[in-house]
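Below: one structure, written as C-alpha cells.
Rule-based calculations on the coordinates, nothing more; no lab input. Since the structure is predicted, the reported quantities are computational estimates derived from the model, not experimental observations. Cβ sites come from the backbone with ideal geometry, for glycine too, and all protein chains shown count toward neighbours.
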Amino acid sequence: MEELVEKAARLVANARKILVFTGAGLSTESGIPDFRSPGGLWSRYNPQDFYFQRIISSDKSREKYWVMSTEFYDAMKDATPNRAHIALKEMEEMGKILAIVTQNIDSLHQKAGSSPEKIIEIHGTAFSVSCLSCGKKYEREEIQSRLLAGEKVPSCDACKGILKPDTISFGQSMPESKMESSFRYSRECDLCIVLGSSLVVYPAASIPMQAVENGARLIIVNREPTPMDSVADVVIHGALGKTLTALMEQLRRISSGPQ
Ligand code: APR
C-alpha cells in the first residue's frame, strides 16, 4: 500500500490539470450509504422501482420513491465532509484541480470548500426539488417537512404537477451542458483520479474512460475492484479517508523540494 500511495503522490506532483471523478464511496465515511456495497441503498431498495418512467407513471410508484428519498436525504442533510473531501480541497489550493466531476448529490464537495465553479454534479443535487410541469423550485428541506408530516406524494402547490428532486434517475436524460464540460475536461486533463465509484453506471463512467483514451494517466482509489482497474496506472483498494490523507502527506513531502 505504502509504495502505491507514493507512486500515486508522484503522479499528482507531476500533474497540473487533474480531473477528479467521484462516486458514493467518497461519502460513506461521512455517514451516507453508497449504492452497491453490502448494506448500500440498492441492497435495501430495488433500483428498478426508481426508473424515471416508473416514477412518473403512478402515485403508487412515487410513494415508494419518496420513502427511499426521505431516508437518503435524512442521511445527507446534516452530513459533513470527511478527510477525503478535505484532501481534494487542498489539492485545489495547490493549483492542480481542473474539475471535480461528481456522481454524488450530497453537496459535500461544496461543503468541504472546493470551488463551486470546479464542481460538476452530473447526477444533480438532492437539495432542491422541481415541479416537472411548471418548473417551480422548492428547497428539499420544505418537502422533507411535508413528507415527515405525513404527506405521502407531495405535489406542486402551484399547479398540482409531479414533484421530483433535482437528481438524475435511471432513464432520465443527463444534463447536456454538464456532460459536454465533463468530456471537454476529460480531453484536457493530464491525470484522472477516480475516487469511490464502482464505475458501472453509464454514461458517467465513460468520462474517466475518455480521459484514459485521450492519454491521461489514471489513479483509482476504491475499496472494491472496478472494471477500469486494468487500464489504471495506480490502483489502491483501500479506505478513501486514510488513503487520501496518506497521499497528501507524501505529496507535501515531494512538493517541499528535492529528496
Ligand atoms: N473507501 C473506499 N471505497 C469505498 C468506501 C470507502 N470508505 N465506501 C465505499 N467504497 C466503494 C465501494 O466498494 C464501491 O465500489 O465505493 C464504490 C461505490 O460504488 P456505488 O455504490 O456503485 O456508487 P457509485 O459508483 O457512485 O454509483 C454510481 O449509480 O445508483 C446510481 O445514481 C447513482 O450516482 C450513482 C451511480
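Let me spell out the model: positive unit charges on the Cβ of Lys and Arg, negative unit charges on the Cβ of Asp and Glu, origin at the Cα centre of the chain. What dipole size does that give, in debye rounded to 20?
Dipole of the chain, to the nearest 20 debye: 220 debye.
Cβ neighbours within 10 Å, averaged per peptide: list 216-228, 5-17 in order, most packed at the top.
Highest-to-lowest ranking by the protection proxy: 216-228, 5-17.
So what is the orientation-averaged projected area of the range 1-140, using the convex hull of its C-alpha atoms, in nm²?
Spelled out: convex hull of the Cα atoms, projected over all directions, averaged, 10.1 nm².
Among the lysines, which have Cα under 24 Å from the Cα of residue 96 when same-chain residues fewer than 8 positions away are ignored?
Cα-Cα hits under 24 Å: 7, 17, 111, 118, 178, 242.
Towards the positive end of the charge dipole of the chain, with charges on Cβ (+1 Lys, Arg; -1 Asp, Glu), say which of 109, 80, 4 has the farthest Cα.
109
Tell me the volume per residue, in Å³, of the convex hull enclosing the alpha carbons of the chain.
119
Indicate, rounded to the nearest 5 percent, the antiparallel portion of the DSSP beta bridges found entirely in the chain.
30
Between residue 46 and residue 202, what length comes free when the chain is fully extended (0.36 nm per residue of separation minus the Cα-Cα distance, one decimal in nm)?
Length gained between residue 46 and residue 202: 54.3 nm.
Taking Cα atoms, how many degrees apart are the long axis of helix 176-188 and the longest axis of the chain, rounded to 10 and kept between 0 and 90?
10
Please check: in the Gaussian network model of the chain (C-alpha springs, under 10 Å), which one of 44, 187, 36 has the largest mean-square fluctuation.
Evaluated over the chain, the most mobile residue of the options is 44.
Let me know the Rg and Dmax you get for the range 216-259 when you use only its Cα atoms, in Å.
Cα-based Rg and Dmax for the range 216-259 come out at 12.3, 36 Å.
Can you pull a Stokes-Einstein diffusion coefficient for the range 56-123 at 10 °C (1.306 mPa s), Rh from Kirkwood over Cα pairs, as a whole number of µm²/s?
Diffusion coefficient, whole number: 116 µm²/s.
Could you identify which residue out of 169, 58, 198 has the top mean-square fluctuation in a GNM of the chain using Cα springs shorter than 10 Å?
Taking springs between Cα atoms under 10 Å, the residue moving most is 58.
Mean-square fluctuation check for the chain, GNM, Cα pairs under 10 Å: which of 230, 182, 197 is largest?
230
Compute the FRET efficiency between residue 212 and residue 178 as 1/(1 + (r/R0)^6), taking r as their Cβ-Cβ distance and R0 = 30 Å, and round to the nearest 0.05.
FRET efficiency, residue 212 to residue 178: 0.90.
Setting aside same-chain residues fewer than 8 positions from residue 164, which lysines have a Cα under 19 Å from its Cα?
Answer for residue 164, where 19 Å is the Cα cut-off: 60, 64, 77, 136, 137, 152, listed by chain and number.
Under 13 Å between alpha carbons, and skipping anything fewer than 8 positions from residue 160 in its own chain: which aspartates and glutamates qualify?
Reachable aspartates and glutamates: 59.
Based on Cβ point charges of +1 for Lys and Arg and -1 for Asp and Glu, what charge dipole magnitude is obtained for the range 162-259 about its Cα centre, in debye rounded to the nearest 20?
For the range 162-259, the charge dipole is close to 280 debye.
For the range 134-236, with the dipole built from +1 on Lys and Arg beta-carbon atoms and -1 on Asp and Glu ones, taken about the Cα centre, which of 134, 230, 218 lies farthest toward the positive end?
Checking the options against the dipole of the range 134-236, the answer is 134.
In square nanometres and to one decimal, what's the mean projected area of the convex hull around the Cα atoms of the range 164-244?
Convex hull of Cα atoms, orientation-averaged projection: 6.1 nm².
Starting from the 7 Å offset along Cα-to-Cβ, what nm value, one decimal, do you get for the label separation of residue 255 and residue 141?
3.4
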